[in-house]
Every structure is written in C-alpha cells, then in structure tokens.
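For reference, the structure is listed below as structure tokens.
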Amino acid sequence: MPVQTESISIPYTVSHRNIKHPRLEFNTGSLLVVLPGGQDEDRIIEKHRKWIERKYAYIYEITNKSPPLILENRSREEFQMLVKFLTKKYSGEVGCCPNRIIFRHLRTKWASCSKKGNLTINYLAKYLPESLIQYILYHEMVHLIHSHHDQLFWKYLNTKFNNIEEIEKNLCSYWVQINRINHLG
C-alpha cells in the first residue's frame, strides 16, 4: 500500500511485532512501518507524513543519483583488527578509550556508544571503505566525551572531518545498498 503525497506515491509494508512503540524504518530504501500487534498504520503515517516524504526524497536522491558503490571484501577478523587498531589510535586523539568493543549485527545503525562507554560496531561496516569506518569510529569515540549530538559534539567532530554532510550521504547510500543485498540474500 502506498503513502500518497501531493506528487509521489511512496510504497510501504507493515510488520506487526511484539513491541511497545511503533517505528518507521527505511533500511532498504523502502518504508517499513513496524507496529505493535493489532495497530493500524494510518495514524502513524499521517502523524509522520512530512518526515516520511523528506526521508524518502533524501534516500531517492542519494541512491539513484550516485554511481554504484564498491563494497570491500574484508573478513570479520580483518574488520575486527582494523576497528581495534583505529580505536587505539583515536583513543589518543580523543583522550579516552572505550570500556569494551562489541561486534554484532545492528538493524538500524552502523555503531553505538553506551553510557557505560561500550562501543557496539555493526558487522555490516566491514563492507565500507576504510575512510567511512574511520568516521564511524571517531564519531562514536567522540560520544565518550559528548554523549549527545549537540553543538559541542559536531564542533569536535569537525576538527577531524570537514566534509561531514558528504560522509553522512555516503553512509546512507552504503546502508541502503548493503541492506538491500542482505535483505535479498
């Protein structure tokens, strides 16, 4: 069933799960409406229509107007070694180190930093170019000193990366491509 906007129709699917709160996902570039059992999607779609339209347009622009991406072919072991090397390097730059590094498949993000100082890294990042892995790790390490995406966080991140908007677009494009492949496979 599509979300009808003024000029385009956005296809979506609905998944009912054992969750408390509904959410909207664009993991493969298509909208997935995840709902607690028995809930109807109309209310959440209408409530978030503007966000859906903006996100769909952003993903469409990035995925359809960029050249095909080349995925790296690292093993899990190579990826883990790279992450550990970069984490050690960035610990010196940021001035602190994570408590633990955890590798697992994450459904909605490349990585995260917990309040306890643990970094969780998505195994799918092994397919990214090293420059994007560097950005992801540095981003999460900055969360060790600035937990929120506030002005200080972005100021600190900008000291190392001056093209954040372009990097974020590349990460989004890779995210959609990798998740489409994994979804099909």
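The values are calculated or read from the model by the stated rules, or taken from the named source; none is laboratory data. Not measured: the values here are computed from a predicted model. Here the Cβ positions follow ideal geometry from the backbone for every residue, glycine too, while neighbour counts run over all protein chains shown.
Yes/no per residue for (1) surrounded by 12 or more Cβ atoms within 10 Å (Cβ to Cβ); (2) aliphatic (A, V, I, L, M); (3) assigned to a loop (DSSP other than H, G, I, E, B); (4) not assigned by TED's automatic domain parsing to the domain that holds Asn163:
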position	(1), (2), (3), (4)
Tyr90	yes, no, no, no
Ile102	yes, yes, no, no
Lys116	no, no, yes, no
Ala125	yes, yes, no, no
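The rows are residues; the columns are (1) of a type outside the set (D, E, K, R); (2) within 24 Å of Asn163 (Cα to Cα).
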position	(1), (2)
Ala57	yes, yes
Glu78	no, no
Gly117	yes, no
Tyr135	yes, yes
Checklist entry - If you go through the range 62-87 one residue at a time, how many are surrounded by 13 or more Cβ atoms within 10 Å (Cβ to Cβ), modelled with pLDDT under 90 and more than 13 Å from Asn170 (Cβ to Cβ)? => result 0
Item to check | Residue check for Phe79: closer than 18 Å to Tyr138 by Cα and aromatic (Phe, Trp, Tyr) | outcome: yes
Next on the checklist: Suppose we keep only residues that are surrounded by 14 or more Cβ atoms within 10 Å (Cβ to Cβ) and basic (Lys, Arg) within the range 153-179. Which one would you say is modelled with the highest pLDDT?
Outcome noted: Lys160
